[in-house]
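Student: Dropping a structure here in C-alpha cells format, bear with me for questions.
A short reminder: the numbers here are calculations on the coordinates, not readings from a lab. Because the structure is a prediction, the values reported are computed rather than measured. Don't worry about glycine lacking a Cβ; one is built from the backbone with ideal geometry, like all the others, and counts go over all protein chains shown.
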Amino acid sequence: MKQTQFLITSRRFARQRLMLSRIVGVAVALSVGNMSRSQTVQNAISSTRTMTNSPSALLSMRTMHALRTLAAQRDLRIGAAVNSSALRDDKNYRETLAREFSIVTPEYVMKMAPLRPSRDTFFWDDADALVDFAQKHQMQIHGHTLVWHQDVPQWIEKNEKSWTRETLSAVLREHIFAVVGRYKGRIKIWDVVNEAVGDDAKMRDTIWRRVIGDDYIALAFRWAHEADPDAILLYNDYNAEGLGAKSDAVFNLVRDLKNEGVPINGVGLQMHFSLENPLNSADFAANMKRLGDLKLSVHVTELDIRVPEPITPQKLDEQGLQFSRVLETFLAAPNRGTFTFWGFSDGKSWIPSFFKGYNAGLLFDQNYKPKPSYYQIARVLKAPTN
Ligand code: XIL
C-alpha cells in the first residue's frame, strides 16, 4: 500500500475510531447513573479511548452499563457499605458509588457508639449525610445496626453492674425509637440485631443478653417494628451462609422468632469469605430455601472475598468466578432480597486491618479501576434469565 494511501486509511480509521468512541461514550453516558452529563461524557470518552484499542474491549464498552442499571433489569438492588470519610473527602469515591450502586449501608456511623456518645447526646451528622446522599442519588438505605455486642458505647459497657433488666431495656428501647424513628420512611431495611449467635453456635454472651435476658432479641424487633411498621427487619450474621452448626443455630433462632410472632422479615448473610475458603453454592441455595420456607427473605449484606497476598492476576480471576457463583445462586432464589458488598474499593476496605496477609476483597482496585470481579458481576447480571 502506497505511503499516502496508508496515511489516508489510517487517518480515516483514527477518525472513525474517535467518532465511534464518542458514540459509545455517549451511549455509556446515557446508561450510567446520576453523574452530571458533562462529567459522565468526559469520563466515558476518556475511558472509551483507553479501551478502544481492542475490539472486545470496545464491545464491552458498547454494552457496559453501571451495575445498578443492570441489577434493576433483574429487579435487584445492588449495594455497598459506605466509608463516611471517603464519602466526604473523595470525589472519585462519591462518583463511583453513585454510578454503580442502588443501596448503601453505613459501614460505621449508625452503630450505637458513634451515634450515641452519651445517653443524652446523639451525633447525627455523618448518618444524615449518608441518608441525604443516598436520597439525592435515588439509592435505598440499609440501616446497620441497632443491637450489636461491638461498638457498644462506653457509658453503657463500663457500668454493666449498675444496669438492671428494666433500666437497660429502657435505654435500648429509647435508642431504637430514636434511630428508627428519625429515618422512618427513608431507611427501608434495618439490621435490627447483629451477630447474636457465637462461633460455637450457641447464643453469644453479650451485655444485652446478660442484663436484659434472652428476649432482648425479640424485644428489639418489636420496638423497631413499632417505630417504623413499614421497615424490613433483618437478623444479620456471618458464617451462617451455607449449612452447618452456626447456620442451623441462626435458622433455629429466626424460626423461633417467627413462631413467637416476632416481626422479623428476613435474614442478612454477611458473606465474608477468603479465596481459599469459598462458599459452597449448593449449601447456600439449600439455606436460602429453608429460610424461604419460613417466609423470610435473604439479603447478602457484607460480601467480600479476601485474597491472600501476594495478589496475582490468577487469584483475581478466581475471585471473580467466586463472586459470580454467589450472585448466580442468589438470583435463582425466589426469596432473594438485596445484594450488598462490604465496600467497593480495595483502598477503603476493612480487610487489610482485620485479616493480616489478605487484601483486594472488592470489585474495584484502590484507584477505582474495575477488577475482573466487577466484570463477572456485570456478566451474571446481564445473563439471560430462563
Ligand atoms: C466492621 C467495619 O468494616 C470496620 O471498619 C470497623 O472497624 C469494625 O466493623 N460484621 C459487621 C460489620 O456487621 O459491622 C463489621 O464492620 C464487619 C463484621
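Student: Indicate, rounded to the nearest 5 percent, the antiparallel portion of the DSSP beta bridges found entirely in the range 114-267.
Tutor: The antiparallel fraction comes to roughly 15 percent.
Student: Further, regarding this structure: I'd like the FRET efficiency for T164 and R255, computed as 1/(1 + (r/R0)^6) with the beta carbon distance as r and R0 of 35 Å, rounded to 0.05.
Tutor: Numbers: r = 30 Å, r/R0 = 0.86.
Rounded to the nearest 0.05, the efficiency is 0.70.
Student: Which residue, V211, H175, G198, has the largest displacement toward the positive end of the dipole of the range 80-219 when charges sit on each Cβ (Lys, Arg +1; Asp, Glu -1)?
Tutor: Result: H175.
Student: Give K295/K369; K289/K371; K188/K315; K111/K246 a once-over and call out the pairs whose C-alpha atoms are over 29 Å from each other. Please report the intermediate quantities before stating the final value.
Tutor: On the way: K295/K369 39 Å; K289/K371 31 Å; K188/K315 36 Å; K111/K246 24 Å.
Check vs 29 Å cut-off fails for K295/K369; K289/K371; K188/K315.
Student: How would you rank 196-202, 157-163, highest first, on the average number of other Cβ atoms within 10 Å across their residues?
Tutor: Numbers: 196-202: 15.4, 157-163: 11.1.
Per-residue Cβ counts within 10 Å, averaged per peptide and sorted highest first, yield 196-202, 157-163.
Student: For N280 paired with D132, estimate the spin-label separation in nm (one decimal), with each label point 7 Å from Cα along the Cα-to-Cβ line.
Tutor: The two pseudo-label positions are separated by 4.9 nm.
Student: Using only the C-alpha atoms of the range 73-190, find the volume of their convex hull and express it per residue in Å³. Intermediate results must be reported in sequence, preceding the final value.
Tutor: Numbers: hull volume 13.0 nm³, N = 118.
That works out to 110 Å³ per residue.
Student: In addition: Order these peptides, 93-99, 254-260, 368-374, by their mean beta-carbon neighbour count within 10 angstrom, highest first.
Tutor: Details: 93-99: 21.0, 254-260: 14.9, 368-374: 19.3.
By packing density, highest mean first, the sequence is 93-99, 368-374, 254-260.
Student: Between K382 and E157, what is the label-point separation in nm under the 7 Å Cα-to-beta-carbon projection?
Tutor: Once both label points are built, they end up 4.7 nm from each other.
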